[in-house]
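Undergrad: For reference, the structure I am asking about is given below.
The values are calculated or read from the model by the stated rules, or taken from the named source; none is laboratory data. Note that the coordinates shown come from a computational prediction; the quantities given were computed from them, not determined experimentally. For neighbour counting, all protein chains shown are included, and Cβ atoms are generated from backbone atoms with ideal geometry for every residue, glycine included. We work out accessible area using only protein heavy atoms, side chains counted, and drop any ligands, DNA or RNA first. Shrake-Rupley method; radii C 1.70, N 1.55, O 1.52, S 1.80 Å.
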Amino acid sequence: MPTSRRALLKTSAAAAAALSLDWTRAQAQAETLRIGVIYDLTGPFAAGGSVASSIGAQIAIDLVNEKGGIGGKTKIVPVAADSQSKPDVAINEATRLIDQEKVDIINGVYASAHAVPLAAKVEQQKKILWITTAVSTAVFKDKNLQYVFRAQIHSDQYGQAFAGFLTEHAKGKLGMDPKDVKVALIHEDGPYGVGVAAADETYAKEAGVQVVLKEGYSASAPDLSVLVTKIKRAKADVISHAGYNPDITLFLRQARESGLRFKMLFGAGAGYSQLDKLRATFGADIDNFCNIDPVPAQLLDPSKLAPGMGDLIKTMVSRYQKTGATDVPPHCSMGFNQTWVLLNNVLPVAKEKYGSFEPDAIRKAALDVDIPAGGTIQGYGVKFFPPGTPLSGQNERSTPVVMQNAGEHISVVWPTNIRTQDPVFPLPKGSTYGA
């Protein structure tokens, strides 16, 4: 073969190989989807549940990618952002994800104080904000959001659960009519705490329960002794507390030092769902406290869930425990569950039915979701309120539970139809805080 022809063939082969490599790279790029993932990985919210939620979200992403990606075809590439427990940083990071990283979907958000401005920001730019954890009803109430979705419960439901538990058990457990029960509602003064306390007040008053104190405070307050004194003076039987880990720790320490006594304390998720951290500080002192929140999936009876959910829960728990944790907090289930719904019930439909992963296709696919009760790892179903309704974008089928600490064990004590243990109410004799 002439040298010139051999050289030509060699050059052509090299060109073909290069073209093939470029095509392979293009295919690889075409078969990935970049999703922004924003949580508080540092700052006070990190230990309050945000890191646990981020781990849950990552487990869901890993499981989907291990099976080939969305619809078995499109791998997810998470683009992480740390909102540092600061609303201004959350806004800046969301802007970076959209403008510089060019993502159309942002998943995550732990704090309601971040969710409110982020929802407005992302909605304005017609991108998708998929909230996994933040609970404030104010994020959606009368906003008619089109591009923001939340399968998570909302803060009004905390008040419904609080009042529901009291009215169901006051007579039988306390020997008191609900109208004779005195409650103190204390809360951090961000959208989360304000929303929970407002719902507690509304539903408690509807049930005839006496609200003898409603008091907010800064989550970064260095001293809560005045708040403790006010609760003592109000002679509250029951306390409802919406707070994060640092302020809860401060409150409980100062309450113990001042000899504050009560019949029951109800947490509202957030710091009260970080049981391992509270137990490291207070030990058995917090036994039998109650906590209202979405349920940690591992507490449910898998036989009452859709097929496959039990195995999915086991996988999530085992992977979370590989981080070295023994307790798997509710926030892990929240991050996992909502991310799982996005990746398995929304994005495949957006691509197959509506032709793309563009925000409008995702929005339409989200509104098609119709998961019945028992169809998620947290027991509730998913159906989003449509545009034009007061809570457009919020899941209408989400439900919280009342859980109770019993040593190293956590039980579901309300609603009664799915409880795993009869509630201990009031706090037993010998309890550090028991009246």
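Undergrad: What is the extension gain from residue 210 to residue 42, computed as 0.36 nm multiplied by their sequence separation minus the C-alpha to C-alpha distance, in nm to one decimal?
TA: Values: separation 168, 0.36 × 168 = 60.48 nm, distance 3.90 nm.
56.6 nm is the gain from fully extending residue 210 to residue 42.
Undergrad: What does the charge add up to near residue 274, with Lys and Arg as +1, Asp and Glu as -1, over the other residues with Cβ less than 14 Å from its Cβ?
TA: On the way: positive: 277, 279; negative: 40, 247, 276, 293, 327.
Surrounding charge for residue 274 is -3.
Undergrad: Convex hull volume of the Cα atoms in region 358-412, per residue, in Å³? Provide the component values of the computation, followed by the final result.
TA: Details: hull volume 6.1 nm³, N = 55.
Considering the Cα atoms of region 358-412, their hull volume per residue is 111 Å³.
Undergrad: Dimensions of region 94-140 along principal axes (Cα, Å, largest first)?
TA: Over region 94-140, Cα extents along the principal axes are 29, 17, 13 Å.
Undergrad: Using only C-alpha positions, report the orientation-averaged shadow area of the convex hull of region 339-435, nm², one decimal. Could the numbers behind the result be given before it?
TA: Numbers: hull surface 36.9 nm².
Computing the convex hull of the Cα atoms and averaging its projections yields 9.2 nm².
Undergrad: Could you go through region 261-274 in sequence order and give the Karplus-derived ³J(HN,Hα) for each residue, using 6.51 cos²θ - 1.76 cosθ + 1.60 with θ = phi - 60°, rounded to whole Hz, and x for Gly and Pro?
TA: With coefficients 6.51, -1.76 and 1.60, one gets 10, 7, 7, 6, 10, 10, x, 10, x, 6, x, 6, 8, 8 Hz.
Undergrad: Next up: With contacts defined as alpha carbon pairs under 8 Å and 6 or more residues apart, what's the relative contact order of the chain in percent?
TA: Working: 880 pairs, mean separation 79.1, N = 435.
Relative contact order for the chain comes out at 18 percent.
Undergrad: Pick out which of 132, 202, 326 has the largest mean-square fluctuation in a Gaussian network model of the chain, springs linking Cα atoms closer than 10 Å.
TA: 326
Undergrad: Here is a follow-up. Which angle between 0 and 90 degrees, to the nearest 10, do you get for helix 87-99 versus the longest principal axis of the chain when only C-alpha atoms count?
TA: Taking the Cα atoms of the chain, the angle to 87-99 is about 20 degrees.
Undergrad: May I ask you to work out the translational diffusion coefficient for region 68-131 at 20 °C, viscosity 1.002 mPa s, via Stokes-Einstein with Rh from the Kirkwood sum over Cα pairs, reported in whole µm²/s? Walk me through the numbers on the way to the answer.
TA: Numbers: Rh = 12.3 Å.
For these conditions, the coefficient is 174 µm²/s.
Undergrad: Restricting things to Cα coordinates, could you compute the convex hull volume per residue of region 257-313 in Å³? All intermediate terms of the calculation are to be shown ahead of the outcome.
TA: Values: hull volume 6.6 nm³, N = 57.
Value for region 257-313: 115 Å³ per residue.
Undergrad: Something else about it: Write down the Kirkwood hydrodynamic radius of region 199-273, to one decimal in angstroms, obtained as one divided by the mean of 1/r over all alpha carbon pairs. Write out the running numbers ahead of the final one.
TA: On the way: mean 1/r = 0.0772 Å⁻¹.
Averaging 1/r across every pair of different Cα atoms and inverting gives 13.0 Å.
Undergrad: Taking the Cα atoms of region 51-92 alone, what are Rg (to one decimal) and Dmax (as a whole number) in Å?
TA: Rg then Dmax for region 51-92, in Å: 13.2, 37.
Undergrad: Moving on to the next point. Please provide three numbers in whole Å: the alpha-carbon extents of region 172-329 along the principal axes, with the largest listed first.
TA: 50, 35, 30
Undergrad: Report the far tail of the P(r) of region 45-167, meaning the percent of Cα-Cα pairs longer than 18 Å. Walk me through the intermediate numbers first.
TA: Numbers: 4265 of 7503 pairs.
Within region 45-167, distances greater than 18 Å cover 57 percent of Cα pairs.
Undergrad: Taking the 0 to 90 degree range and rounding to the nearest ten, how far is the long axis of helix 309-321 tilted relative to the main principal axis of the chain, both from C-alpha atoms?
TA: Taking Cα atoms only, the helix is inclined about 90 degrees.
Undergrad: Tell me the angle of helix 330-341 to the major Cα principal axis of the chain, expressed in degrees between 0 and 90 and rounded to the nearest ten.
TA: 40
Undergrad: Please list the equivalent ellipsoid semi-axes of region 249-369, computed as the square roots of five times the alpha-carbon gyration tensor eigenvalues, in descending order and whole angstrom. Can you show the working numbers first?
TA: Values: eigenvalues 289, 57, 34 Å².
The three semi-axes for region 249-369 are 38, 17, 13 Å.
Undergrad: Using alpha carbon coordinates only, what is the Rg to Rh ratio of region 108-255, with Rh defined as the Kirkwood radius?
TA: 1.03
Undergrad: What FRET efficiency would be calculated for the residue pair residue 226, residue 75, taking the C-beta separation as r and a Förster radius of 45 Å, to the nearest 0.05? Write down the numbers at each step before the final one.
TA: Working: r = 54 Å, r/R0 = 1.19.
So, using R0 = 45 Å, E works out to roughly 0.25.
Undergrad: If you don't mind, another one. Under a Cβ-Cβ cut-off of 13 Å, what is the net charge of the residues other than residue 297 that fall near it, where Lys and Arg count +1 and Asp and Glu count -1?
TA: On the way: positive: 304, 314, 319; negative: 293, 301, 311.
Surrounding charge for residue 297 is 0.
Undergrad: In addition: Give me P(r) over the chain, computed from all C-alpha to C-alpha distances, binned every 20 Å, as integer percentages.
TA: Pair shares across the bins are 26, 53, 16, 4, 2, 0.
Undergrad: Tell me, what is the Rg over Rh of region 142-209, with Rh the Kirkwood radius over Cα pairs?
TA: Details: Rg = 14.5 Å, Rh = 13.3 Å.
Ratio of gyration radius to Kirkwood radius: 1.09.
Undergrad: Still on this structure: Counting only heavy atoms of protein chains, what accessible area per residue, in Å², does region 190-305 have with a probe of 1.4 Å? The partial results should precede the final answer.
TA: Numbers: 4200 Å² over 116 residues.
Per-residue accessible area for region 190-305 comes out at 36 Å².
Undergrad: Could I ask something else about it? By DSSP, what percent of the beta bridges with both residues in the chain are antiparallel, rounded to the nearest 5?
TA: Numbers: 12 of 50 bridges.
Given both bridge residues lie in the chain, the antiparallel proportion sits at roughly 25 percent.
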